[in-house]
1. Sort out which residues of region 154-175 are surrounded by fewer than 16 Cβ atoms within 10 Å (Cβ to Cβ) and either farther than 15 Å from ARG12 by Cβ or of a type outside the set (S, T, N, Q) (or both), and write them in order of number.
2. Kindly indicate which of LYS34, LYS62, LYS50, LYS106 is at pLDDT 95 or above, over 19 Å from the mean Cα position of the chain (by Cα), outside the structural domain of SER158 (by TED's automatic domain parsing) and among the basic types (Lys, Arg).
3. On the given criteria, is SER293 farther than 25 Å from THR178 by Cα and either among the basic types (Lys, Arg) or out of contact with any Pro (no Cβ under 7 Å at 6 or more places or on another chain) (or both)?
4. Considering only region 234-263, how many residues are closer than 22 Å to LYS4 by Cβ, at pLDDT 95 or above and either touching a Cys at 6+ places or on another chain (Cβ under 7 Å) or not β-branched (Val, Ile, Thr) (or both)?
5. For the subset of region 133-165 comprising residues that are among the basic types (Lys, Arg) and modelled with pLDDT under 95, which member is nearest to GLN264 (Cα to Cα)?
6. In region 1-54, how many are closer than 27 Å to ALA173 by Cβ and touching a Ser or Thr at 6+ places or on another chain (Cβ under 9 Å)?
7. Given (1) touching a Gly at 6+ places or on another chain (Cβ under 9 Å); (2) among the basic types (Lys, Arg); (3) over 21 Å from LYS272 (Cβ atoms), where does ARG105 come up short, assuming only one miss?
8. Quick check on region 65-86: of everything there that is assigned to a loop (DSSP other than H, G, I, E, B) and at pLDDT below 90, which residue is nearest to MET118 (Cα to Cα)?
Amino acid sequence: MRDKLVLEFWDRKSFFKTEEYYSYVKNIINEKIKEDLDGGDVTTNSLINKDKEIKAVIIARKDGIIAGIEELSLILKEEKVTILKKDGDIVKNNDIILEIHGNARKILAYERTILNIMQRMSGIATLTYNLKKSVNNDCFVAATRKTLFPLLDKKAVSVGNGLTHRLTLNDAALIKDTHLKILNNGFDKALRLAVENAEIKYIEVEVKSEEEALKAAEEIFKLKSEKLFAIMFDNMKPTEIKNSIDKINKTDNLLFEASGGINQENIEEYSKTGVDIVSLGRLTHSVKSFDMSLQVT
């Protein structure tokens, strides 16, 4: 039951099957190709006949999780693409991910855009997958909104078995210290205003201490609302988070998130505090690209 609520609150992977997402991807791809081909590819156009057909392959240069295959298909609509590994597959060094048969000039012109997207998305998916394995089933792992390519990055996290968190500011209410300062008030007014908005289904409150966590929980329980709530422990130590959760009456409509300062070295410790989810900005804001190459065969 609790896992189902966590997925409802923090996962929007169904969005990645919508026309809205496909339109977003096409726009990004077209913009990147336009940037790369401004004035044309003088090297390829000088050396390669315009009617030359070739076969090329994309090869993994390390072990990891592949992502970006679906996005790649939107770039190479007119070429024959044989997909040998699908999104979410585990690949080994030197595995062939896919084959491309088509016009040489077009394939070479698109090479950098193809690799940039797949390398970034596969890097994110691989890191997410490894972090999820390290916490076993103690909690879920999610991204934050610290992204370079928001929806592509979130899709890659999903491919790596992570949760998306909010895709946009409209997904859920997240009451932060900035909101509280503007209101010049505590959690009570902010929570009440959020609850009174009929369009808001999910309400999360950011806290930075055990005192704030207990106060936020107290105000949430006072509301007696049927909406789904969460408390985000921001930049707090694992012991502080565990102590806070131990003092809060754990109910079905109150979930817990740890965020801030979480990395590969301490994520396991955070996962054992009683939180339902840990979120990491480093999944997307400083990820290392997955090594792969395009080769003509």
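The values are calculated or read from the model by the stated rules, or taken from the named source; none is laboratory data. Just so it is clear, the structure is predicted and the values come from calculations on it, not from any experiment. Positions of Cβ are generated from backbone atoms using ideal geometry, with glycine treated the same way; all protein chains shown enter the neighbour counts.
1. LEU169
2. Result of the check over LYS34, LYS62, LYS50, LYS106: LYS62.
3. yes
4. Number of matching residues: 6.
5. LYS133
6. Of the residues in region 1-54, 6 are closer than 27 Å to ALA173 by Cβ and touching a Ser or Thr at 6+ places or on another chain (Cβ under 9 Å).
7. Just one mismatch for ARG105, condition (1).
8. For region 65-86, the residue satisfying everything is LEU76.
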